[in-house]
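Trainee: Mind having a look at this structure? Questions to follow.
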Amino acid sequence: MEKIRKRRFGIIASLILVLVLVLGVLWASQTVKNNQTHQDTLARVEKKGQITWGVKADTKLFGLMNTKTGQPAGFEIDLAKAMTAQIAKQTGKKLTANFVPVTSASRIQLLKNTNIDGLISTMTITPERAKIVDFTNVYFNAGQSLLVQKDSNIQSIKDMNDPKYTVLVVVGTTAAQETKKYAPKAKVIALQDYASAMQALKSGQGQALSTDNAILYGLATENPDYHLVGGVFTKAPYGMAFDHNQKPMTKQANQALATLQADGTYNRLIEKWFKNVPGLDWHDLEVGK
Amino acid sequence: MTLLNHYFSVFLQGFGYTLLASLIALVGSLILGTLFAIMQVTTSKVARTIGNIYVQVFRNIPLLIITLFFYLAVAKVIKMTGFTAGTIALMLYTSAFIAESVRAGILSIDPGQMEGARANGLTFWQAMRVIVLPQAFRVAIPSLGNQFINLVKNSSILAFVGGLDLMYQGNLVAASSFDTFTTYIIIAIFYLVITLPLSYYVQYLETQLKKKA
């Protein structure tokens, strides 16, 4: 008897467990489906009263975590704040900006999962990405370049086309994919973020760090022994990104961006962040001049 | 599935590096761990202290920090790639845990065995090797098995220093295919391909040894 009862308990327990698992998976997939299909980003942010922006937290000049305040600071952060205020003005709803740090590798997944509403994270507009997210108009024109030690004999990406050289990049950036096209023989090692890539460059794990020039300028201001060489060898226009097929939100954002560029807010932010960058003429970055 | 097809060679390369790192770290940590376990049970106070410090240092520092230390600091003096740095860190880290497991095994053996062996004219090392260690390992096998499985999974730390392993390739594939979910499921399966047989082999060893005993 005892044995039968024990066995029966075992069977019932495992049945319940299976049932719970199946129901759990069903519920989860349903939720994921709901999140992916029906939500209109503009309606969602208006309902919540805030726009959650995915921003960089490790990129000087664009988005860098201020360890004292615990808030990120940079050109993109300020632009996102201005954008939020402008969209609020356009829609007549009250909106606040909220920031979530993202990495290049995880940002699209976070956007798809609706953890964030929009991305403003030094993201280059590419045809592949445009298939799965909606980009706004260009808000910044960057291009891929190289950061090397000042006494290095590397002058351009062509010099690096040799198996003895290692180019350091960051996972999920366009540079990670483009570098091989320009220096097919060089080794390419991808690190998790700009901070660790810079550390690796300093430790001699590679001879150059490659990514968009705008980001490299930020790294160069902090590390005076390093400088940019060879100019830009790709075009990397940055766009803000929203989930796919979010036309109302993208339209509002484009309109807001155009207003900010027309009324001088954009140029003021450019001046604020890029005025004192060595080797860079910030007037080149201004719009409408 | 198309993802697997499209990036199969990438996954396979990562799998190879993960397997290689795991094998090197496994053999290395077993040797180092046993050595430090023996040091901790000798009568020499100096050896005991050194063994103890080693175990406490490597057991109580996060693996990522040890890895970054080799990748960023040691590499300035001795040139090494992310793969080498990660594998060395993994080996040292795991060896501290293995030392503890083996030490527990040695302590579970009646001290009379050692005394008897010494009384019969064996040196300390001979007695250790022939009499004590074989019995100690039998006791330590379940916890050693645990450490080895942890070692394989911990090898994903190589991804943080460009170690070309499974996790590293997975991150790259996820970033270029934008299909994060499927990619990580695929690499989870690749890890299972290593850890499941390992885990069954340890179970098998356990039953075999029980039969013998």
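The values are calculated or read from the model by the stated rules, or taken from the named source; none is laboratory data. Since the structure is predicted, the reported quantities are computational estimates derived from the model, not experimental observations. So basically every Cβ, Gly included, is an ideal-geometry build from the backbone, and we count neighbours across all protein chains shown.
Trainee: Just to be sure before I move on: is B:PHE36 surrounded by 20 or more Cβ atoms within 10 Å (Cβ to Cβ), in a helix (DSSP H, G or I), among the aromatic types (Phe, Trp, Tyr) and without any contact (Cβ under 8 Å) to a residue 60 or more places away in the chain in the structure I sent?
Mentor: Spelling it out, it is not the case that B:PHE36 is surrounded by 20 or more Cβ atoms within 10 Å (Cβ to Cβ), in a helix (DSSP H, G or I), among the aromatic types (Phe, Trp, Tyr) and without any contact (Cβ under 8 Å) to a residue 60 or more places away in the chain.
Trainee: When you scan region B:80-92, do you find a residue that is under 24 Å from B:VAL139 (Cα atoms) and free of Cβ contacts under 8 Å to residues at least 24 places away in the same chain, even just one?
Mentor: Scanning region B:80-92, I find no residue that is under 24 Å from B:VAL139 (Cα atoms) and free of Cβ contacts under 8 Å to residues at least 24 places away in the same chain, so the answer is no.
Trainee: Filter region B:57-90 for residues that are buried (at least 24 other Cβ atoms within 10 Å of the Cβ) and either among the acidic types (Asp, Glu) or away from every other protein chain (no Cβ under 14 Å) (or both) and give the result.
Mentor: B:THR87, B:ALA89, B:LEU90
Trainee: Going by the conditions given, is A:ALA195 touching an Asp or Glu at 6+ places or on another chain (Cβ under 7 Å) and not assigned by TED's automatic domain parsing to the domain that holds A:PHE62?
Mentor: The answer is yes for A:ALA195.
Trainee: If A:THR69 meets every condition in (1) among the polar types (S, T, N, Q); (2) more than 14 Å from chain B (Cβ to nearest Cβ); (3) within 23 Å of A:GLU46 (Cα to Cα) apart from one, which number is that one?
Mentor: (3)
Trainee: Right, another one. Quick one: is A:LYS131 among the basic types (Lys, Arg), surrounded by fewer than 21 Cβ atoms within 10 Å (Cβ to Cβ) and within 12 Å of chain B (Cβ to nearest Cβ)?
Mentor: yes
Trainee: Determine whether region A:256-276 contains at least one residue that is at positive phi, in contact with a strand residue (DSSP E or B) (Cβ under 9 Å, 6 or more places away or on another chain) and surrounded by fewer than 19 Cβ atoms within 10 Å (Cβ to Cβ).
Mentor: No: zero hits.
Trainee: I've got another one for you. If only one of A:GLY70, A:GLY74 is modelled with pLDDT of 90 or more and either surrounded by fewer than 24 Cβ atoms within 10 Å (Cβ to Cβ) or outside the structural domain of A:ALA197 (by TED's automatic domain parsing) (or both), which one is it?
Mentor: Exactly one residue qualifies, and that residue is A:GLY74.
Residue-by-condition table, conditions (1) touching a Phe, Trp or Tyr at 6+ places or on another chain (Cβ under 9 Å); (2) within 14 Å of chain A (Cβ to nearest Cβ); (3) modelled with pLDDT under 90:
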| position | (1), (2), (3) |
| --- | --- |
| B:ARG103 | yes, no, no |
| B:ALA140 | no, no, no |
| B:GLN147 | yes, no, no |
| B:GLY163 | yes, yes, yes |
| B:GLY170 | yes, yes, no |
| B:THR182 | no, yes, yes |
| B:ILE185 | no, yes, no |
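Trainee: Here is a further query. How do the helices (runs of 4 or more DSSP H) wholly within region B:97-164 filter down when requiring 2 or more residues that are buried (at least 18 other Cβ atoms within 10 Å of the Cβ), in contact (Cβ under 8 Å) with a residue 24 or more places away in the chain and not small (Gly, Ala, Ser): which remain?
Mentor: B:133-154
Trainee: Please go through region B:165-190 and pick out each residue that is over 19 Å from A:GLN192 (Cβ atoms) and either among the aromatic types (Phe, Trp, Tyr) or in a helix (DSSP H, G or I) (or both).
Mentor: B:PHE181, B:THR182, B:ILE185, B:ILE186, B:ALA188, B:ILE189, B:PHE190
Trainee: Same structure again: Give the residues of region A:72-113 that are closer than 28 Å to A:VAL277 by Cβ, charged (D, E, K, R) and part of a loop (DSSP other than H, G, I, E, B), sorted by residue number.
Mentor: none
Trainee: Report whether or not B:THR49 is crowded, with 18+ Cβ neighbours inside 10 Å and either away from every other protein chain (no Cβ under 14 Å) or of a type outside the set (A, V, I, L, M, F, W, C) (or both).
Mentor: Considered against the rule, which asks whether it is crowded, with 18+ Cβ neighbours inside 10 Å and either away from every other protein chain (no Cβ under 14 Å) or of a type outside the set (A, V, I, L, M, F, W, C) (or both), B:THR49 comes out as no.
Trainee: Which one of the conditions (1) farther than 28 Å from A:LYS272 by Cα; (2) more than 12 Å from chain B (Cβ to nearest Cβ); (3) among the polar types (S, T, N, Q); (4) touching a helix residue (DSSP H, G or I) at 6+ places or on another chain (Cβ under 7 Å) does A:SER152 fail to meet, given that it meets all the rest?
Mentor: Condition not satisfied by A:SER152: (4).
Trainee: In addition: How many residues does region A:114-153 contain that are hydrophobic (A, V, I, L, M, F, W, C), touching a Gly at 6+ places or on another chain (Cβ under 8 Å) and either not assigned by TED's automatic domain parsing to the domain that holds A:SER104 or not in a loop (DSSP other than H, G, I, E, B) (or both)?
Mentor: Number of matching residues: 4.
Trainee: Would you check which residues across region A:201-239 are without any contact (Cβ under 8 Å) to a residue 40 or more places away in the chain and surrounded by fewer than 24 Cβ atoms within 10 Å (Cβ to Cβ) and list them?
Mentor: Selection gives A:LYS202, A:SER203, A:GLY204, A:ASN223, A:PRO224.
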